[in-house]
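The values are calculated or read from the model by the stated rules, or taken from the named source; none is laboratory data. This structure is a prediction, so every number in the text was calculated from the model and none was measured. Cβ atoms come from the backbone with ideal geometry, glycine included; neighbour counts cover every protein chain shown.
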Amino acid sequence: MLTSEPKEVIENVDSGEEVDEANEYIDVNGKKVRRKANKTQIALRVQQVATWLLDGMSYTDIVQRGQKKWGLSPRPVERYIAKAKEQIEASSATEIKSATTLAIYRLMDLYQKSVDEGDYKTALDIIKTQNRMLGLNAPEQIEAKTVENWDSKNLAEQFAAIEAKLKNKLGEELPN
């Protein structure tokens with residue numbers, strides 16, 4: 001047994017598995033085991049998984065490929081998939097924020113040029129576009145009235161007035 005090696009050991013490696021050269025093996029009580037991956041190796045694996053995700057590879061295929069490539073059980077590969085998805089989402093959010101910021105600056109520039117030229121119709125269109133892009137055109141809020149919201153006394157008076165108008169117009173009794 002190598003005494004200078006770290007005690008962080010995660011699993012036995014079968015002789016038939018394809019394992020990348022970044023893994024190092026140590027002898028523990030006569031068994032060949034793989035040392036736990038360091039942060040750099042994990043980062044590279046997550047990056048590889050992200051590439052596979054972006055290439056359209058299925059979850060199951062990624063787990064199988066990761067198991068074969070790195071000599072791991074499914075769970076660590078699943079954790080790499082989760083980290084890769086987080087990184088992709090964060091990257092996408094950053095790109096959307098950057099694109100939105102750039103679009104706003106472009107609209108502000110066009111707005112200023114339109115106002116400077118006295119083209120107020122275009123300036124108004126730019127404001128509408130910017131508001132729509134930022135989601136500032138929220139639908140108008142309308143209070144829905146239900147029977148519980150109505151003042152029953154006022155409602156009875158309104159029905160009586162409508163009934164009187166109908167009687168007057170028709171000149172006869174209304175059926176009940």
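With the requirement that a residue be of a type in the set (S, T, N, Q) and in contact (Cβ under 8 Å) with a residue 24 or more places away in the chain, what does the stretch 85-134 give you?
Filtering the stretch 85-134 down to residues of a type in the set (S, T, N, Q) leaves 87, 91-92, 94, 98, 100-101, 112, 114, 122, 129-131.
Correct list: 87, 100, 130.
Modelled with pLDDT of 85 or more and among the acidic types (Asp, Glu), is that true of residue 86? First the steps, then the outcome.
Working: modelled with pLDDT of 85 or more: yes; among the acidic types (Asp, Glu): yes.
Against the criterion (modelled with pLDDT of 85 or more and among the acidic types (Asp, Glu)), residue 86 qualifies.
Check 104, 81, 96 and return the single one that is surrounded by 12 or more Cβ atoms within 10 Å (Cβ to Cβ), under 24 Å from the mean Cα position of the chain (by Cα) and closer than 30 Å to residue 132 by Cβ.
Every option except 104 fails the conditions.
How many residues are farther than 17 Å from residue 39 by Cβ and out of contact with any Lys or Arg (no Cβ under 9 Å at 6 or more places or on another chain) when one looks only at the stretch 64-83?
Selection size over the stretch 64-83: 9.
Those residues that are without any contact (Cβ under 8 Å) to a residue 12 or more places away in the chain, on the phi < 0 side of the Ramachandran plot and assigned to a loop (DSSP other than H, G, I, E, B), I need them from the stretch 53-84; list them, please.
If the condition is that a residue be without any contact (Cβ under 8 Å) to a residue 12 or more places away in the chain, on the phi < 0 side of the Ramachandran plot and assigned to a loop (DSSP other than H, G, I, E, B), then 55, 57, 58 are the ones that fit.
Enumerate the pairs (first residue in the stretch 35-46 and over 13 Å from residue 69 (Cα atoms); second residue anywhere and charged (D, E, K, R) and not in a helix (DSSP H, G or I)) with beta-carbon separation below 6 Å, excluding pairs fewer than 6 apart on the same chain, so at least 6 apart or on different chains.
35/24; 36/8
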